[in-house]
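In what follows, a single structure is set out as structure tokens and then discussed.
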Amino acid sequence: MEKSEFKQGVLFALGAYVMWGFAPLYFKLIDQVPAPEILMHRIIWSFAFLLILVMISGQLEQVIQLLKKPKKMAVLLVTAILVAFNWLVFIWAVNSDQILEASLGYFINPLLNVALGVIFLKERLPRLQLFAVALAALGVLIQLLVFGSIPWVSLVLAGSFGVYGLIKKKVQLKAITGLFVETAILLPLALLYWLQLDSATSNFSDNTLRLNVTLICAGVITSLPLLAFAAAAVRIPYYMMGLFQYIGPSMMFVMAITLFDEVLDATKLTTFAFIWLALIIFVYDIWRQSKKRKAIA
């Protein structure tokens, strides 16, 4: 791998996860808009933005070929529903002052990905990484048994995005093509929802220019991090992508406590402590295994 390619990959990865980390600030700007309506705008304007990118990058022919494959389209229907559900829960969590729960979900996500890989892809993992996954599960279990609550927002976010990633891994599509077709599948529902909508912010002619521009920007806010992630994934090692993955939820965690005055009570702190310990062990073992492979090479 060329040095310049590696540097570009690092910059793309940083860009993707920093953008995801700042996402709550965007949704707080439009928290007067109901979550389902924000989701509708994410779908419509992501479709418009991705259509431009598909045309510019010359991938229209690939999209047309994909539309002729019923099996892949059926799979993309499932992934479209999953990603829309994930977006909706995340928007609702941010605008309901549950950013801590959302950040916990994205801390859990990589560990859940490991578990899904072992169960469904028959991947074999070192014992230390399996121990880290078990430790994270124990943290959630303690919250349920000792504190009598369950971090459902965190588990729904981690679970929906984890299953989404698992299915996408099996489909093997380019980032722009796959995401464009997913938004195209959701577009008719989003447009129908908009037509029957009767809220204070649903009519663009009644809104301020600032609010309308902010809502339209949902397409860029949604698509850019995913495209930067795809560009990084082909330029730097996968384990390094895993390390960058914790930038986003770490930013959300700090933001929730400092900017939005969310309370880190004993329930959340206990679960976070277990997840963080699991992540330290997990990241250490990935780094150790990488060093070992380099030494052998």
- Screening 229, 253, 204, 272 for residues that are in contact with a helix residue (DSSP H, G or I) (Cβ under 6 Å, 6 or more places away or on another chain) and open to solvent by less than 40 Å² (accessible area, probe 1.4 Å) leaves only 253
- Under 7 Å between Cβ atoms, at least 6 apart or on separate chains: pull out the pairs that start in segment 94-119 with a residue that is under 15 Å from residue 248 (Cβ atoms) and end on any residue that is open to solvent by 40 Å² or more (accessible area, probe 1.4 Å) and charged (D, E, K, R). 100/268
- Task: Tell me the helices (runs of 4 or more DSSP H) entirely within segment 53-162 that contain at least 1 residues that are open to solvent by 10 Å² or more (accessible area, probe 1.4 Å) and in contact with a Pro (Cβ under 9 Å, 6 or more places away or on another chain).
- Result: 70-95, 99-120, 127-146
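Please enumerate the residues belonging to segment 172-200 that are of a type in the set (A, V, I, L, M, F, W, C), within 18 Å of the chain's Cα centre (by Cα) and modelled with pLDDT under 90. It would help to see each step written out before you state the result.
Initially, segment 172-200 is screened for residues of a type in the set (A, V, I, L, M, F, W, C), giving 173, 175-176, 179-181, 184-187, 189-192, 194-195, 197, 200.
Subsequent filtering for residues that are within 18 Å of the chain's Cα centre (by Cα) retains 173, 175-176, 179-181, 186.
Answer for segment 172-200, where residues must be of a type in the set (A, V, I, L, M, F, W, C), within 18 Å of the chain's Cα centre (by Cα) and modelled with pLDDT under 90: 173, 175, 176, 179.
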- Residue that is most open to solvent (accessible area, probe 1.4 Å), among those in segment 207-226 that are in contact (Cβ under 8 Å) with a residue 60 or more places away in the chain and of a type in the set (Ser, Thr, Tyr): 214
- Query: Does residue 178 fit the bill of being touching a helix residue (DSSP H, G or I) at 6+ places or on another chain (Cβ under 9 Å) and under 20 Å from residue 277 (Cα atoms)?
  - Reply: no
- Message: I'd like the full set of residues that are in a helix (DSSP H, G or I) and touching a Pro at 6+ places or on another chain (Cβ under 9 Å), limited to segment 239-285.
- Response: 242, 248, 251, 252, 255, 256, 267, 268, 271, 279, 282, 285
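The values are calculated or read from the model by the stated rules, or taken from the named source; none is laboratory data. What you see is a predicted model, and the numbers here were worked out from it, not measured in a lab. Cβ sites come from the backbone with ideal geometry, for glycine too, and all protein chains shown count toward neighbours. We work out accessible area using only protein heavy atoms, side chains counted, and drop any ligands, DNA or RNA first. Shrake-Rupley method; radii C 1.70, N 1.55, O 1.52, S 1.80 Å.
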